[in-house]
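Structure in structure tokens, see below.
The values are calculated or read from the model by the stated rules, or taken from the named source; none is laboratory data. Predicted model, so just to flag it, every value in this text is computed and none were measured. Note: ideal-geometry Cβ built from the backbone for every residue, glycine included; neighbour counts use all protein chains shown.
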Amino acid sequence: MALYKEIKGAAGEVSDVLKDLKEQYNKIVDPTPQQKMQYNAEVQRVQEIAKADPNDVFTDIGTQLGALMDAHDEIAKLLLKEQIEAKQVYKGDESVGKRALRRILINSRLDAIWAEVREMMVYKAPPELGALWSKFDEMRQEIIAEQEVAHAEELRLAQIASWRRKRRIAEIRAKAMWVSAVIFVVAWGVGLMLLTTRSAMTRMSLGH
């Protein structure tokens with residue numbers, strides 16, 4: 001990020017910077033090979049800075065921060081997985097201590113990445129981006145709030161769907177019981193009629 005400031009300071013002033021470097025170098029009496037190498041390296045560095053586009057630095061900042069945030073999210077998913085699995089009966093071979101240590105290390109890595117992101121935004125981002133960390137944190141909280149609303153709505157719809165599914169199952173069961181009861185009554189009635197008819201026929205045959 002310091003490169004951005006150097007680009008802003010050197011762009012348009014390359015000749016002055018190179019002139020100043022040359023004057024300082026010429027003041028050295030009988031420069032050593034190492035001093036010559038340092039001078040040439042500095043001249044080359046200034047020339048490279050002059051060729052750079054400050055907009056490229058903005059892109060680099062976005063790329064670096066984006067990579068850090070992607071890494072943060074991936075590690076956060078691991079932590080979430082650990083937390084979910086911890087609420088289930090564990091059937092593996094790892095000790096509680098080992099699993100606890102892994103969770104501590106994951107948390108430490110998350111904290112380190114977050115601290116690095118904050119440092120880059122607060123201390124190393126170009127001033128043109130303003131209070132980048134404050135803006136980022138505000139937007140992040142806004143997205144989190146939006147996601148909480150979305151998750152709550154998703155949960156509400158899932159609960160409604162579950163309730164409707166249970167109600168349909170209950171209705172099917174009730175209808176099945178009703179049909180079974182009707183069949184039983186009909187079967188009982190038919191059986192009773194048959195029994196009555198057979199009894200009547202038996203009495204008639206005995207009467208003759």
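Any chance the range 134-146 includes a residue that's of a type outside the set (S, T, N, Q) and surrounded by 13 or more Cβ atoms within 10 Å (Cβ to Cβ)?
yes
Continuing with the same structure: Would you check if ALA71 is of a type in the set (Gly, Ala, Ser), in a helix (DSSP H, G or I) and at pLDDT 85 or above?
yes
Looking only at residues in the range 58-91 that are more than 30 Å from ALA125 (Cβ to Cβ) and hydrophobic (A, V, I, L, M, F, W, C), which one is surrounded by the fewest Cβ atoms within 10 Å (Cβ to Cβ)?
Within the range 58-91, the match that is surrounded by the fewest Cβ atoms within 10 Å (Cβ to Cβ) is VAL89.
Restricting attention to the range 6-44, and to residues there that are among the basic types (Lys, Arg) and out of contact with any helix residue (DSSP H, G or I) (no Cβ under 9 Å at 6 or more places or on another chain), which single residue is modelled with the lowest pLDDT?
LYS19
For the range 92-114, name all the residues that are of a type in the set (A, V, I, L, M, F, W, C), within 18 Å of the chain's Cα centre (by Cα) and loosely packed, with under 15 Cβ neighbours inside 10 Å.
The answer is ALA112, TRP114.
Can ALA86 be described as within 27 Å of ILE113 (Cα to Cα), in contact with a helix residue (DSSP H, G or I) (Cβ under 7 Å, 6 or more places away or on another chain) and modelled with pLDDT of 75 or more?
no
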